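Colleague: Here it is, the structure, as structure tokens.
The values are calculated or read from the model by the stated rules, or taken from the named source; none is laboratory data. This structure is a prediction, so every number in the text was calculated from the model and none was measured. Every residue, glycine as well, gets a Cβ built from its backbone with ideal geometry; the counts of neighbours run over all protein chains shown. Accessible surface areas use protein heavy atoms only, side chains included; no ligands, DNA or RNA. Shrake-Rupley method; radii C 1.70, N 1.55, O 1.52, S 1.80 Å.
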Amino acid sequence: MKNFSNYDCYDRKEGLAFESKCVHGALGCEPLTGSVSFPIFQSATFRHKGLGESTGFDYARLQNPTRQELERTMAILECGTEGFAFSSGQAANMAVFSLLKPGDQVILSDDIYGGTYRLGADTFHTYGITFTYVDMTDTQNIKDAITEHTKMLFVETPTNPMMKVINIREVVAIAKEINAITVVDNTFLTPYFQKPLTLGADIVVHSGTKFLSGHNDTLAGLVVTNRDDLAEQLRLEIKTHGSCLGPQDCWLLIRGIKTLALRMKQHNANGIKVAEWLRTQKKVKNVNYIGFPDHPGYEVNRSQATGSGSMISFNVDSFETVKKILSGVDLVIFAESLGGTETLITYPRTQTHESIPEEIRQKIGITDTLLRLSVGIEDADDIIRDLDRALNA
Ligand SMILES: Cc1ncc(COP(=O)(O)O)c(C=O)c1O
């Protein structure tokens with residue numbers, strides 16, 4: 001590892017394992033003082049020595065050293081060239097959809113985070129951009145939806161909340177044929193398990209609120225690309241919209257990412273145990289978990305990711321059982337989010353996916369008996385004991 005003394009050059013840590021890249025970031029230590037914990041640069045503006053002279057930092061909406069360290073770290077982890085840190089996952093998606101122009105069409109998976117759906121249906125739709133939702137597990141559906149205006153294919157894999165797996169390589173191949181951009185929301189698996197840019201995608205987007213920060217304590221969004229033209233547009237957007245992440249939250253992300261690999265291993269191990277246990281329960285009708293060898297997307301996931309994560313959705317026998325579980329859990333927390341150290345249980349119908357029209361929810365399977373679990377890193381047996389008590393007591 002080189003010992004840099006300024007901000008211009010940083011180490012991409014080529015040759016190091018993912019775990020080491022997470023810990024050591026881009027610069028790692030702050031170059032001027034040697035501070036091992038990268039400092040929070042709580043400054044809105046930066047002093048100029050003279051006209052036309054700059055330290056490389058001018059005004060914090062354009063760039064801030066703490067944000068730069070986070071953005072470079074994410075670019076390294078996602079195997080991209082440039083990263084951008086936003087105030088939330090929604091702000092990150094907002095920037096991605098802002099790459100489109102009136103008249104353009106974007107094709108998305110029908111099973112998608114409710115906020116992403118709302119961005120299309122309520123915001124960008126009014127600017128003349130068409131959002132077409134299809135079941136992307138069958139790529140023929142994408143081909144059938146393509147028009148001369150298709151400019152972007154937007155993928156979540158696994159999907160939220162039904163845990164369907166979409167073949168990133170196949171989507172990329174379709175996009176390349178029509179010169180469209182492929183965007184992958186990598187929130188559920190993170191670059192620890194899946195690196196969409198290495199599979200040909202153009203942009204990766206994250207709700208950094210989830211596994212990346214990992215402690216249910218901050219909102220953040222991340223975008224990474226390996227295309228200079230897109231990076232230039234995204235840079236202009238973050239500068240213009242002012243939707244950048246503040247330095248304190250950037251620091252929380254930098255710190256969270258240091259343990260990303262460790263946490264993801266534990267999330268994955270716990271996810272498998274809890275999903276298997278759920279399957280044995282009489283009141284549980286079906287369990288959607290991409291780590292099950294009989295999951296329809298298991299082989300595709302294995303071909304493009306190295307793990308299955310800890311997101312599970314499942315149906316119980318009645319709405320009464322839903323209410324019983326949600327009021328009965330204790331260690332497991334009934335709250336709306338995912339990817340943190342604590343196990344969270346969510347009711348998609350009225351929480352994460354409330355914005356999706358009822359007829360679409362029914363079609364996808366977001367019914368009144370569906371629950372979503374984000375399995376945390378507690379002891380798996382404690383999680384199971386708590387669920388067992390809430391479900392069966
Ligand atoms: C897959 C996915 N993408 C994007 C978002 C939006 O992120 P945020 O809540 O950080 O704005 C979420 C939020 O739950 C999500 O689950």
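Colleague: Can you find, among Ile203, Ile360, Leu344, the residue sitting farthest towards the positive end of the charge dipole of the chain, where Lys and Arg contribute +1 and Asp and Glu -1 at Cβ?
Modeller: Leu344
Colleague: Counting residues in the chain as N, plug N into 2.2 N^0.38 Å and put the Cα Rg over that result.
Modeller: Working: Rg = 21.1 Å, N = 393, 2.2 N^0.38 = 21.3 Å.
Relative to the rule-of-thumb radius for its length, the chain sits at 0.99.
Colleague: Tell me what the chain gives for mean residue ellipticity at 222 nm when only DSSP H runs of n ≥ 4 count, each as -39,500 (n - 2.57), the sum divided by the residue total, rounded to 500 deg cm²/dmol.
Modeller: Working: 14 runs with 138 residues, N = 393.
For the chain, the value works out to -10500 deg cm²/dmol.
Colleague: Among the aspartates and glutamates, which fall within straight-line cross-link reach of Lys13, defined as a Cα-Cα distance under 19 Å, with same-chain neighbours fewer than 8 residues apart omitted?
Modeller: Glu30, Glu69, Glu71, Glu78, Glu82
Colleague: Can I ask one more? Under a Cβ-only charge scheme (Lys and Arg +1, Asp and Glu -1), can you give me the dipole magnitude of region 167-262 about the Cα centre, in debye to the nearest 20? Walk me through the intermediate numbers first.
Modeller: Working: 9 positive and 10 negative charges, 62 e Å.
With only Lys, Arg, Asp and Glu charged at Cβ, the dipole is about 300 debye.
Colleague: If you don't mind, another one. Using the per-residue mean of other Cβ atoms lying within 10 Å as a proxy for protection, in what order, highest first, do the peptides 218-224, 297-303 fall? Each step should come with its number before you reach the end.
Modeller: Working: 218-224: 25.7, 297-303: 16.9.
Those peptides, ordered most packed to least, come out 218-224, 297-303.
Colleague: If ligands, DNA and RNA are left out, what is the accessible area of His48 with a 1.4 Å probe, given in Å² to the nearest 10?
Modeller: Answer for His48: close to 100 Å² accessible.
Colleague: Relative to the longest principal Cα axis of the chain, at what angle does helix 65-77 sit, 0 to 90 degrees, rounded to 10?
Modeller: 60 degrees
Colleague: When the dipole is taken about the Cα centre of region 18-258, and only Lys, Arg (+1) and Asp, Glu (-1) are charged at their Cβ, what size is it in debye, to the nearest 20? Numbers along the way, then the final one.
Modeller: Working: 20 positive and 27 negative charges, 127 e Å.
Here region 18-258 has a charge dipole of around 600 debye.
Colleague: Just check region 76-206 against the gyration tensor rule for me: Cα atoms, a ≥ b ≥ c as the square roots of the eigenvalues, rounded for a/c under 1.5, and otherwise prolate or oblate depending on whether a/b exceeds b/c.
Modeller: Working: a/c = 1.35, a/b = 1.14, b/c = 1.18.
Rounded, because the longest to shortest axis ratio a/c is under 1.5.
Colleague: Taking the dipole about the Cα centre of the chain, with the C-beta of Lys and Arg at +1 and of Asp and Glu at -1, give me whichever of His267, Ser35, Gly120 is farthest to the positive side.
Modeller: Result: Ser35, furthest along the dipole toward the positive end.
Colleague: Turning to a different aspect of this structure: For region 226-263 and region 148-176, what is the centre-to-centre distance using only Cα atoms, to the nearest Å?
Modeller: Between the Cα centres of region 226-263 and region 148-176 lies a distance of 23 Å.
Colleague: Then there is this: Near Glu336, within a Cβ-to-Cβ distance under 11 Å, what is the net charge of the other residues, with Lys and Arg +1 and Asp and Glu -1?
Modeller: Working: positive: Arg372; negative: Glu354.
Here the charged neighbours net out to 0.
Colleague: Okay, moving on. FRET efficiency for Glu177 and Thr33, Cβ-Cβ distance as r, R0 = 51 Å, nearest 0.05? Provide the component values of the computation, followed by the final result.
Modeller: Details: r = 51 Å, r/R0 = 1.00.
Approximately 0.50, to the nearest 0.05.
Colleague: What nm value, rounded to one decimal, do you get for the distance between Asp379 and Lys265 when each label is placed 7 Å out toward the C-beta?
Modeller: Once both label points are built, they end up 2.0 nm from each other.
Colleague: Quick check of the Kirkwood formula: for region 175-265, what is the inverse mean of 1/r over all pairs of different Cα atoms, in Å?
Modeller: Numbers: mean 1/r = 0.0706 Å⁻¹.
Taking every pair of different Cα atoms in region 175-265, averaging 1/r and inverting gives 14.2 Å.
Colleague: Quick one: net charge around Gly365, please, counting Lys, Arg +1 and Asp, Glu -1 for every other residue with C-beta under 10 Å from its C-beta. Intermediate results must be reported in sequence, preceding the final value.
Modeller: Details: positive: Lys164, Arg361, Lys363; negative: Asp111.
Local net charge: +2.
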